[in-house]
Amino acid sequence: MSKKILELQNIKRAFIMGTETVHALRGVSFDVMAGEFVTIMGSSGSGKTTLLNTLGCLDKPTEGVYMLDGVNVGGLSRDELARLRNRKIGFVFQSYNLLPRTSALENVELPLFYNSSVSYDERKQKAIKALEAVKLADRLDHTPNQLSGGQQQRVAIARALVNEPVMILADEATGNLDTRTSYEIMALMQELNQVQGKTIVFVTHEPDIAAFSTRTVMLRDGKVVRDTPNENIRSAKEALASLPHSDDY
Amino acid sequence: MNILNLIRIAFKALQRNKLRAFLTMLGVIIGVASVIAMVAIGQGSKQSIQTQLSSMGSNMITVLPSSNVAGGARLGGSSVQTLTIDDVKALQKQAANISFISPAAISSGQSIFGAFNWPTTIYGVSPSYLDIRQWELTDGIPFSEEDVRASAKVCLIGQTVVTNLFPNGESPIGKIIRFNNLPFQVIGTLAAKGQSSFGQDQDDVILAPYTTVQKRILATIYFRTIYASAINESASDAATDEITAILRKTHRLRNSDENDFQVRTMAELISALSSTSNLLTILLTAIAGISLVIGGIGIMNIMYVSVTERTREIGLRMSIGARGIDILMQFLIEAIMISITGGLIGVALGITSAKLITIFLSWPTLVSESSIILSFAVCAFTGVFFGYYPAQKASRLDPIEALRYE
Ligand SMILES: Nc1ncnc2c1ncn2[C@@H]1O[C@H](COP(=O)(O)OP(=O)(O)OP(=O)(O)O)[C@@H](O)[C@H]1O
Ligand SMILES: [Mg+2]
């Protein structure tokens, strides 16, 4: 009943550096169904970011077929890829990538500027709604340097959500955050996945983060070495509640 | 993405860096302002020369004595004496293209009335001189041909002489003033004409019959100048030819001889002076234009810095759906906004400084619409031209590499 949203067939990506060729992906194949919460794990340099960039239509594979929502991405032009990124994908980065000296609201509005079907009033409303969803309704006018790391990442998530994408891609979105804040972000992700049915692909190298997802794909040297559904999914909310209340050091 | 959104984005980007945007603008501001101010100065001086010259009488023809080459040495104009009353009479009789003619014997000296004295110049002329110069009297009557014949000691005085000899405001009419100790009765006062384009005070003058000046002051039969006016402006050239032919005959010059006089028309003078001020305008404008180009290069420089500095921002925008053209337009519009805002400020500043130049330096200025339109167009073009390259560079970035840029 749920449909395939991602379909990867033997994806390869090689970087040519002068005389050397770095094989970042050496033939990756797997599918993701709509509504899945997939974490991609693997040691540093195993190709996680490269894979995620490919999924996000930011990078083109050297070989292989990538179908996104039934569309073969390989045959699209630069502009069509940009449109795809705008409408179907929400990106969350490890380093937040918010525009400096720009309010949270304006940062969240950004993707809507590139969507001509959204009017000026709608843009503002949608951005406010997205910020409400990440519980930052009281921080609309704060600029990134007035926000904590966790809050900045939540702004980035709101920005990823604002265009109502079918899929959220996150690259070590909790990498810069402490445990409590990481769990807060994961609780948000779980809510988006379970309540709103967003498909999420989440790159991490922390196993306890992977425990919140429904499935884990393990990469090593550009290949999938393990792809397992998660038997007992941890609830981030409960994990958050079980953390010691406040640390007194 | 529509253009309004792009403008909004560009505006926000500029707002984030107000000081830098302003400093970038400064080049354009100075460029545009100086173009407008320089052209205003050039046009202003040209216009004032023209109005002043035509206030001297645009049909006026001046005949000056000059030496023909004698033994290789050319004497200065004022030291040669070739023009006499015979010339004037011959011209009066024979020249069909001339409506008025007056000789001029000129002497400088001291004028005295009671306790007041004033150094000035006396022009010995005929009654037609007032017609040639289109000069009105404010009071009294002009002297007549009869006065000329009688070498009468009567005179008309200019406004500067009036203020200096009659500072208490009494009427000069009927009073006896002395010029180089010769008594003259004032029979009229001349209307004010102001400064000539050569910076000479035209009102600092006494007019008297030429016979009186020739005989009683200069003791000469020669004239410094002969003034004439052509029947209309288009007859100037014909009148010049006519005068030349007649004077060559009365001076008995052979075909091989050079003229021992010069004939100058006002039209010639106007065009000569206009062409100098045109050249001035061109030079000033060229300098100002160069500063505009430098302003443009300033924009390009800052846009390059801005593109490099905001590489991550560009990567981010691409990752959330900006197309190459969106990025190109964003930076291009930013550049155009800088140049247009700078242009507007520059136009305002240029007009203001032209006004201030007139007020404080009392140079005539004329702000021409064409200079505003032209410099504004050039600066908008500068924005597009110099903004395009950096914008294109930005639009061609690879999103991943841009995101990774440190
Ligand atoms: N633009 C590039 N040019 C050359 N080599 C690259 C490029 N991007 C990635 N690589 C190489 O591809 C391999 C995979 O890199 P990738 O960034 O995908 O790893 P990762 O799994 O995300 O690692 P980490 O956990 O450290 O982020 C690495 O060996 C890396 O050096
Ligand atoms: Mg990585």
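The values are calculated or read from the model by the stated rules, or taken from the named source; none is laboratory data. Treat the numbers as computed from the prediction; the structure is a model and nothing was measured. Glycine gets a Cβ as well: all are built from the backbone with ideal geometry, and neighbour counts include every protein chain shown. Surface areas here come from the heavy atoms of the whole protein model, side chains and all, with no ligands, DNA or RNA. Shrake-Rupley method; radii C 1.70, N 1.55, O 1.52, S 1.80 Å.
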Inset, instruction - Mind checking which aspartates and glutamates have their Cα closer than 14 Å to the Cα of A:LYS4? Skip sequence neighbours fewer than 8 apart in that chain. - result: A:ASP31, A:GLU36, A:ASP69
Inset, instruction - Under a cut-off of 26 Å between alpha-carbon atoms, report the lysines in cross-link reach of B:LYS249, not counting same-chain residues fewer than 8 places apart. - result: B:LYS89, B:LYS93
Inset, instruction - Under 10 Å from the Cβ of B:GLY158, count the other residues' Cβ atoms, weight Lys and Arg +1, Asp and Glu -1, and hand me the total. - result: -2
Inset, instruction - Using Cα pairs closer than 8 Å and at least 6 residues apart in sequence, work out the relative contact order for segment B:60-265, in percent. - result: 36
Inset, instruction - Within the set of other residues whose C-beta is less than 14 Å from the C-beta of A:ALA82, count the net charge using Lys and Arg as +1 and Asp and Glu as -1. - result: +4
Legend entry - A/B buried area, accessible surface, summed, 1.4 Å probe, Å²: 2400
Inset, instruction - Would you mind listing how long the protein assembly as shown runs along its three principal axes, going by Cα atoms, in whole Å with the largest first? - result: 135, 59, 40
Legend entry - Cβ crowding within 10 Å averaged over residues, with B:361-368, A:87-94, B:390-397, B:332-339 ranked highest first: B:332-339, A:87-94, B:390-397, B:361-368
Inset, instruction - Compute the signed sum of charges (Lys and Arg +1, Asp and Glu -1) over the other residues within less than 13 Å, Cβ to Cβ, of A:SER213. - result: -2
Inset, instruction - Calculate the tail of P(r) for chain B: the fraction of all Cα-Cα distances greater than 26 Å, expressed in %. - result: 67
Inset, instruction - In a Gaussian network model over chain B where Cα atoms closer than 10 Å are linked, find which of B:SER229, B:SER102, B:SER171 has the largest mean-square fluctuation. - result: B:SER171
Inset, instruction - Enter the Cα centre distance for the pair segment A:188-249 and segment B:285-343, rounded to the nearest angstrom. - result: 43
Inset, instruction - Would you mind calculating the relative contact order of chain B from Cα pairs under 8 angstrom and at least 6 residues apart, reporting the percent as a whole number? - result: 30
Inset, instruction - Taking every pair of Cα atoms in segment B:60-265, average 1/r, invert it to obtain the Kirkwood radius, and report Rg/Rh to two decimals. - result: 0.99
Inset, instruction - Note every residue of segment B:11-50 with a reduction of at least 50 square angstrom in accessible area, all protein chains present versus the isolated chain, computed with a 1.4 Å probe, or write none. - result: B:LYS12, B:ARG16
Inset, instruction - With θ set to phi - 60°, apply the Karplus curve 6.51 cos²θ - 1.76 cosθ + 1.60 along segment B:129-144 and write out the HN-Hα couplings as whole Hz, x wherever there is a Gly or Pro. - result: 3, 5, 5, 4, 7, 6, 9, 9, 9, 8, 7, x, 10, x, 7, 10
Inset, instruction - Leaving ligands, DNA and RNA out of it, report the carbon-plus-sulfur percent of the accessible area of the protein assembly as shown at a 1.4 Å probe. - result: 56
Inset, instruction - Quick one: grab Rg to one decimal and Dmax as a whole number for segment A:16-147, Cα atoms only, in Å. - result: 17.8, 54
Legend entry - Under-5 Å amide H pairs with A:ARG101, H placed in peptide plane, nonlocal only: A:ASN145
Legend entry - Karplus-derived HN-Hα couplings along segment A:85-95 (A = 6.51, B = -1.76, C = 1.60, θ = phi - 60°), whole Hz, x at Gly and Pro: 4, 5, 8, 10, 10, x, 9, 10, 9, 4, 9
Inset, instruction - Would you look at the GNM of chain B, springs on alpha carbons closer than 10 Å, and say which of B:GLY342, B:GLY109, B:GLY124 moves the most? - result: B:GLY109
Legend entry - Rounded to 5, percent antiparallel among DSSP beta bridges of segment A:115-232: 55
Legend entry - Accessible area of the protein assembly as shown divided out per residue, in Å², using a probe of 1.4 angstrom: 46
Inset, instruction - DSSP loop (so not H, G, I, E, B), at most 15 other Cβ within 10 Å: list which trypsin sites (Lys or Arg not before Pro) in segment A:1-82 pass both filters. - result: A:LYS3
Legend entry - Gap separating the Cα centres of segment B:163-195 and segment B:358-406, nearest whole Å: 61
Inset, instruction - Choose one answer from B:LEU349, B:LEU14, B:LEU207: the residue with the largest mean-square fluctuation in a GNM of chain B with alpha-carbon springs under 10 Å. - result: B:LEU14
Legend entry - Peptide A:45-56 - average C-beta neighbours from other chains (10 Å radius): 1
Inset, instruction - Enumerate the calculated ³J(HN,Hα) couplings along segment B:356-369 in order (Karplus 6.51 cos²θ - 1.76 cosθ + 1.60, θ = phi - 60°), each rounded to whole Hz, writing x wherever the residue is Gly or Pro. - result: 5, 4, 5, 5, 8, 9, 6, 8, x, 10, 9, 6, 9, 4
Inset, instruction - Kindly tabulate the residues in segment B:310-331 with an accessible-area decrease of at least 40 Å² between the chain alone and the assembly of all protein chains, using a probe of 1.4 Å. - result: B:ARG312, B:LEU316, B:ARG317, B:SER319, B:ILE320, B:GLY321, B:ARG323
Legend entry - Whole-number percent relative contact order across chain A, with pairs defined as alpha carbons under 8 Å at least 6 apart: 26
Legend entry - Cα-based shape type of segment B:181-224, given that a ≥ b ≥ c are square roots of the gyration tensor eigenvalues and the cut on a/c is 1.5: oblate
Legend entry - 22 Å Cα-Cα threshold exceeded, pairs from A:LYS48/A:LYS126; A:LYS48/A:LYS88; B:LYS153/B:LYS215: A:LYS48/A:LYS126
Legend entry - Cα gyration tensor of chain A - equivalent ellipsoid semi-axes, whole Å, descending: 28, 23, 17
